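Undergrad: This is the structure, below, for whatever I ask next.
The values are calculated or read from the model by the stated rules, or taken from the named source; none is laboratory data. Source: prediction; values computed, not measured. Ideal geometry is used to build each Cβ from the backbone, glycine not excepted, and the neighbour counts take in all protein chains shown. Side chains are part of the model used for accessible areas, which takes the heavy atoms of the whole protein and leaves out ligands, DNA and RNA. Shrake-Rupley method; radii C 1.70, N 1.55, O 1.52, S 1.80 Å.
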Amino acid sequence: MSSIMEGSERGDKGENLHYEETEDANVSPTDLSELLKEGTKESHDRAENCQFVKDFLKGKIKKELFKLATVALYFTYSALEEEMDRNKDNPVFAPLYFPLELHRREALVRDVEYLYGEDWKEKIQYSEATKHYVDRIRHVGQHEPELLVAHAYVRYMGDLSGGQVLKKVAQRALKLPSTEEGIQFYVFENISNAQQFKQLYRARMNVLDLDKNTKERIVEEANRAFGLNLQIFDELDKIGMSLTEEAQDGSIPVHDGKGDLRKCPYYADKLAGKAGPGCPYHAAMTLAKQPLVQLILAACVAVAAGAAAWYVM
């Protein structure tokens, strides 16, 4: 989530974004950090202005969506950090390897366990958009490791910037504990000064031995990473539209008979071969079509109408 807010801060009441970074007189326009900053502005703006992010920043985040977003982060960072571990000695990436300071997987394990319970592994799965993201990270790590720089930049620099705003919004909006259970993802225990660390990270990026073409490919990959994040946000938006108010506290959403039946969790369970009760909405509709039930309903309507007429006389 927070990758979309790299280099910017926003208050949890929807204030305008502004860059928090100070200009470094020693940075050249051809340095990778500057190329990424300038080359991803448009993608950055699109991500910041998507509906899911705007609602989140206003505190309009449903708990079920927050849980699903955390699951997406868990799968994404698991893949990213496995590929980073694989390439920790590769000179095209090694200077950016900060596992103690940056790695998020273990924090996300704690978050998912808090949100889903001890049997969380049995309850979570890849969404379609998350799988696309993970597949791309796997490809890059195994075939084009120099492009891992782009994915690390988009994710971690955002986590250290706007992610700290999202942490406060989520904690208050979802009434999460002050001890930070459920939002460990946003807690960087081994970074005492985020601004200084980001400056160090950019300096390391700028000394990577990369030619012009490779730098251009990294910028292109960073834009691709933003796009993959946007696909997840769009997916969450669509899921959010199918959730009833009751589902906002994390309970199972109930299909209301409108829209795509495949969004009904009971129907999804059936497709997955799981035994369980039928969809409450469709079970009720089937029952209502029985002649005896229709007769009883008609009688009830007549009694209600009579009572209403008496009341208004």
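Undergrad: Roughly how many Å² is the accessible area per residue of region 49-109, as a whole number, for a 1.4 Å probe?
TA: 38
Undergrad: What list of ³J(HN,Hα) couplings, whole Hz, do you get for region 58-65 from phi and the Karplus terms 6.51, -1.76, 1.60, once you set θ to phi - 60° and write x for glycine and proline?
TA: 8, x, 8, 10, 6, 4, 5, 5
Undergrad: Oh, and also: From the backbone phi of region 87-101, what are the Karplus-calculated ³J(HN,Hα) couplings (6.51 cos²θ - 1.76 cosθ + 1.60, θ = phi - 60°) in whole Hz, Gly and Pro given as x?
TA: Whole-Hz 3J(HN,Hα) from phi for region 87-101: 10, 5, 9, 7, x, 6, 9, 3, x, 9, 8, 10, x, 5, 7.
Undergrad: Mind checking the per residue accessible area of region 121-215 for me, 1.4 Å probe, whole number of Å²?
TA: Per-residue accessible area for region 121-215 comes out at 48 Å².
Undergrad: Can you tell me the FRET efficiency between Gln164 and Asn90 if r is taken as the Cβ-Cβ distance and R0 is 35 Å, rounded to the nearest 0.05?
TA: The computed FRET efficiency comes out at 0.70.
Undergrad: Next question. Given a Förster distance of 22 Å, report the FRET efficiency between Gln195 and Ser78 from their Cβ-Cβ distance, rounded to the nearest 0.05.
TA: It comes out at approximately 0.20.
Undergrad: Charges only on Cβ, +1 for Lys and Arg, -1 for Asp and Glu: so what's the dipole of region 67-121 about the Cα centre, in debye to the nearest 20?
TA: With only Lys, Arg, Asp and Glu charged at Cβ, the dipole is about 120 debye.
Undergrad: Right, something else. What distance in nm lies between label points placed 7 Å from Cα along the C-beta direction at Glu122 and His139?
TA: It is 3.6 nm.
Undergrad: Distance in nm between label sites at Arg172 and Ser28, each 7 Å beyond Cα in the beta-carbon direction?
TA: 4.5
Undergrad: Would you mind computing the Rg to Rh ratio of region 101-241 from its alpha-carbon coordinates, Kirkwood style for Rh?
TA: Rg divided by Rh gives 0.98.
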